[in-house]
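Here's the structure, in structure tokens; my notes come after.
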Amino acid sequence: MIQGLYRIRENIPAAQGVYKMVLEGDTSAICAPGQFVNIRLDGFYTRRPISVCDYDSESITLMYKLAGEGTQYMSRLGRGCELDVLTGLGNGFDTSKSGPRPLLVGGGVGSAPLYGLCRALLSQGKRPAAVMGFKRAGEAMLTEEFFALGTEAYVTTEDGSMGEKGFVTDAMKAVEYTYLYVCGPSAMLRAVDAVALTDGQFSFEARMGCGFGACMSCSCKTRFGSKRICKDGPVFERKEILWQT
């Protein structure tokens, strides 16, 4: 984990209710796709955890949803503003287990960390496919970016305004895959688990207090005891997840 000041290079709308922010600074603490950063905002008590969409040697790309006063404040920050950011948080996805044909399934802004994962898998000679689900076309994000990678990608919308009408679980039926990577809201994760044909890794969204395991506010139950989503996750193996009833 590294704490430092990061300068905003870009902060623009990416979809309905979603912004894209590019930060310039030290990225050396990021070691796997699926990790997250925690951003301090002036006037707000807790930091805002945001999944890393992509990164290179000098910048971090984030996609964040306008969900409250904190993210509304973030959306008004301009180019050149500096932010206090914790980077290299969470465990990220393990690409060594993917097999030759992994499937990436994202719901809403949960598609963001899968973009960096897809690039990493392609660099390793894998042939990933992607399924992305949204409520409506206006909320779709990163679809063109996935297509630009040459990845076999499917888009679903609940109202049928883009791609296939339905849910990610419907589109999954058309794909043969060796392993599964999933990120999105809990209801979607549980639905995907119910139809999954292979082992996989699931990235959880959660309200986090500290972001590095000290406050215990994001604990969850697993088959191996209580774990912290921010420290032990946000990525968990499918076989260890206990779905709450």
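Quick notes on this structure:
- Over 30 Å between alpha carbons, listed pairs K135/K173; K173/K231; K65/K227; K126/K173; K65/K165; K165/K221: K173/K231; K165/K221
- Which of V168, C218, A187, positive extreme of dipole for the range 95-240 (C-beta unit charges): C218
- Computed log₁₀ I(q)/I(0) - Debye formula, equal Cα scatterers, no solvent, the chain, q 0.09, 0.10, 0.13, 0.15 Å⁻¹: -0.35, -0.44, -0.77, -1.04
- Rg and Dmax of the range 2-89, both derived from C-alpha coordinates alone, stand at 11.7, 32 Å.
- Extension reserve of the R190-R9 stretch, reckoned as 0.36 nm per residue once the Cα distance is removed: 61.5 nm
- Of the chymotrypsin sites (Phe, Trp or Tyr not before Pro) in the range 1-107, the ones in a loop by DSSP (not H, G, I, E or B) with at most 13 other beta carbons within 10 Å are Y45.
- Inter-label distance for T222 and K97, nm, one decimal - labels placed 7 Å from Cα along Cα-to-Cβ: 0.9 nm
- Full-stretch length increase - D42, E152 - with 0.36 nm per residue and alpha-carbon distance subtracted: 35.4 nm
- Neighbour-count ranking [beta-carbon atoms within 10 angstrom, fewest first] of F167, F204: F167, F204
- Ordered by the count of other Cβ atoms within 10 Å of each Cβ, fewest first, C31, C230, C218 give C31, C218, C230.
- Of all DSSP beta bridges in the range 95-240, antiparallel share, percent nearest 5: 25 percent
- DSSP bridge analysis restricted to the chain gives an antiparallel fraction near 65%, rounded to the nearest 5.
- Approximate shape of the range 95-240 as ellipsoid semi-axes (Cα gyration tensor, √5λ), whole Å, largest first: 25, 18, 15
- Phi-based couplings in Hz for the range 137-143 (Karplus 6.51, -1.76, 1.60; Gly and Pro marked x): 4, x, 9, 5, 9, 6, 5
Read-outs: derived from the displayed coordinates by stated rules, not from any lab. Please read all numbers here as calculations on a predicted model, not as lab measurements. Cβ sites come from the backbone with ideal geometry, for glycine too, and all protein chains shown count toward neighbours.
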